[in-house]
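Remarks on the structure that follows.
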Amino acid sequence: MLIIGIAGGTGSGKTTFAENIAARLGGANIAVISQDSYYPDRSHLSIEEREEINFDHPDSFENHLLVSHLRLLQQGFDAEIPEYDFVDHIRTCGVRLLHPSPIVIVEGLLVLAIEAIRRETDLKLFIDTDADVRLTRRIMRDITERGRTLETIISRYLATVKPMHEAFVEPSKRYADLIIPRGSENVAALDLICSELEQYLKNLQTAPKGPEI
C-alpha cells in the first residue's frame with residue numbers, strides 16, 4: 001500500500017487535488033481520508049464554547065486514531081472513518097467504512113506537521129497557494145456551506161487560522177517531497193503525479209505472485 005500525504009493551508013485546494021487524483025485513478029484503486037474527520041466529538045460543550053476552540057492546532061485532532069486507521073488499512077483491514085459536522089462542531093453518529101486500497105491519500109492542514117502521521121506516509125505533497133486566494137476560498141466556503149458570517153470568518157482567521165498557519169502549516173513545507181503551486185490549477189503537476197501512480201498500479205498488477213499455500 002502506498003500512502004500519500006497532502007498538506008496545505010486552508011483553502012489551498014488540497015482536497016480538490018486529492019479528489020482529482022482519485023477521479024483519474026478510479027475508485028477501486030484509491031481511497032481518500034480527510035484529516036478533518038478526526039476532530040473529536042465536543043457535543044458536551046455549548047455551541048459558544050465550541051466556537052472558541054482553536055481548530056488549527058496540531059493537538060485539535062485525534063491523531064492517534066488516524067494513525068491507527070492507516071495501520072489497519074496497511075494490514076488489510078477495514079477502517080471506520082468518523083463523520084464530522086462542521087456546522088455544529090460535533091462528531092455525528094455515522095461512520096464511513098473504508099476498505100484497503102493500493103493507494104491511500106490522507107489530506108489535511110497538518111498532515112505533514114504531525115510527526116506520527118508523517119511517518120506513515122510514503123509520498124508527501126504540499127499544496128502552495130497564495131494567502132489571498134486561500135482566504136477568499138475560505139470565506140466563500142464558510143458562508144455557503146457552514147452558515148458562517150463574514151465577521152466571524154475574519155475574526156477566526158486573524159485569531160487562530162493565520163497564526164497557526166505561520167506556526168505549523170507553512171513550516172511543514174520542508175517535509176514535502178514535492179511542493180505544488182496553485183493546487184489543481186497546476187495541471188502539469190497533476191498529470192505528472194497521476195502518470196507515476198498509474199505506473200505504480202501497473203507494476204502491482206504485473207508483479208509475480210508468491211507461491212500458493
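Each value in this text was obtained by applying a stated rule to the coordinates, not by laboratory testing. Everything numeric in this text was worked out from a predicted model, so none of it was measured. Cβ atoms come from the backbone with ideal geometry, glycine included; neighbour counts cover every protein chain shown.
Things to note:
- To the nearest ten degrees, helix 131-146 and the longest principal axis of the Cα atoms of the chain are 80 degrees apart.
- Helical content alone sets the calculated 222 nm signal of the chain at -11000 deg cm²/dmol, taking -39,500 (n - 2.57) per DSSP H segment of four or more residues and averaging over every residue.
- Under 5 Å, built H, 5+ apart or other chain: amide partners of ILE33: ILE105, VAL106, GLU107
- Whole-percent pair-distance distribution, where bins are 5 Å wide, for the alpha carbons of the chain: 1, 7, 14, 18, 20, 17, 12, 6, 3, 1, 1, 0, 0
- Taking the number of Cβ atoms within 10 Å of each Cβ as an exposure proxy, the fewest-first ranking of MET164, MET140, MET1 is MET140, MET1, MET164.
- Nearest-ten-degree value, helix 63-74 long axis tilted from longest Cα axis of the chain: 20 degrees
- Shown for LEU65, LEU109: other C-beta atoms within 10 Å of each C-beta, ranked fewest to most, produce the order LEU65, LEU109.
- Rounded tilt (10° steps) of 187-206 against the dominant C-alpha axis of the chain: 40 degrees
- With contacts taken as Cα pairs under 8 Å at a separation of at least 6 residues, the chain carries a relative contact order of 34 percent.
- What separates the Cα centres of the stretch 114-154 and the stretch 189-205 is a distance of 26 Å.
- Separation in nanometres of the label points that stand 7 Å from Cα toward Cβ, at GLU80 and LEU97: 1.1 nm
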